[in-house]
Amino acid sequence: MPYAKTDDGVNLYYEEAGSGHTLIFVHEFAGDYRSWENQMRHFARYFRCVTYSARGYLPSDVPEDSKKYSQERAVKDIVAIMDHLQVEKAHICGLSMGGFAALHMGISYSKRVLSLVIAGCGYGAEPAKKANFQAELEAAANMFLELGPVEGGKKYTLGPTRVQYQNKDPRGFNEFVEQMLEHPAIGSANTLRGVQKMRPSLWELVDGMKTITVPTLVITGDEDDPCLEPALLMKRNIPSASLVVFPKAGHTNNIEDPDLFNRHLSDFYFTILAGRWTLRDGRSLGTGILGFK
């Protein structure tokens, strides 16, 4: 099995397919490397596609020490995958937890990034909701440790931003749930406590967002309420960002609406390859309707 080793000795399992520019997919908390199968099959026709399991998710290593998990470490793990594959620059596509990592790549490792897709990103990111968010994550971590991965996973996957997926595609949703039930409880708890609970609010990253100039696509579902305001925040502050809102859609954009997701990514990547993706025209920032102010 192929593994990349991080600088702190953790083995990350990955899979790759295709050739050309490298496109790296970074999964959400409830997913793993398998979450991107629809995208791997589609985009491997045009790119060298890579999917991997984050630390704490099998078949990658599952460190029992919670100090081995952090937002910074999640970003460095993307870099570790790139270094192992001898990739200098890559297109980074992340969902939710992976979307946060993609955003941080754009801020901290801009020289290693060709483009960013930031999907379903923002849960708990509003400053006023931070304390409640952290309490929720601590309760969820305890739930996984007390109930185990199966019962804990069943409770976690059926939330207000997941029911859209269940209603649209019961078979796909059941597959998503079954895959999450295989995640080790200690890995889930440590990821919640180390990565998600301690990550900075998006509102703390506004200055960093303003430095991002690589092509950026922000995606959210219109019923993914916790991510709507964060999506607007990123659109307004990343000079190179475009925003897409999926209709009647929840959180798990890439598997809930795979055809729509792939279509928007295709338009995005081929616009980049044509050299036509530009920064926002400053004139569009005016507030008047009869002229520029």
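Values quoted throughout were computed directly from the atomic coordinates according to the rules given, and no laboratory measurement underlies them. This structure is a prediction, so every number in the text was calculated from the model and none was measured. FYI the Cβ positions are ideal-geometry reconstructions off the backbone, even for glycines, and counts take in every protein chain you see.
A compact table of results
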{"item": "Ranking of M198, M97, M143, M180 by count of other Cβ atoms within 10 Å, fewest first", "result": "M198, M143, M180, M97"}
{"item": "Residue pairs, from the table K197/K235; K89/K248; K89/K235, whose Cα atoms sit over 31 Å apart", "result": "K89/K248"}
{"item": "Rounded to 10°, Cα long-axis angle of helix 258-273 versus longest principal axis of the chain", "result": "50"}
{"item": "Ellipticity estimate at 222 nm from DSSP helix runs (n ≥ 4, -39,500 (n - 2.57)) divided over the chain, nearest 500", "result": "-12500 deg cm²/dmol"}
{"item": "Value of Rg/Rh across the chain [Cα atoms, Kirkwood radius]", "result": "0.95"}
{"item": "W36, W277 arranged by Cβ crowding within 10 Å, fewest neighbours leading", "result": "W277, W36"}
{"item": "Local electrostatic count at Q86 - Lys and Arg +1, Asp and Glu -1, tallied over other residues with Cβ under 13 Å", "result": "0"}
{"item": "Cut-off of 10 Å, at most 15 other beta carbons, DSSP loop: longest stretch of the chain lacking such GluC sites (Glu not before Pro)", "result": "183-293"}
{"item": "Exposure proxy ranking, count of Cβ atoms within 10 Å, fewest first, for H264, H91", "result": "H264, H91"}
{"item": "Between helix 71-84 and the chain: long-axis angle, C-alpha atoms, 0 to 90°, nearest 10", "result": "80"}
{"item": "Nearest-0.05 FRET efficiency for L181 and A128, computed from C-beta distance (R0 30 Å)", "result": "0.35"}
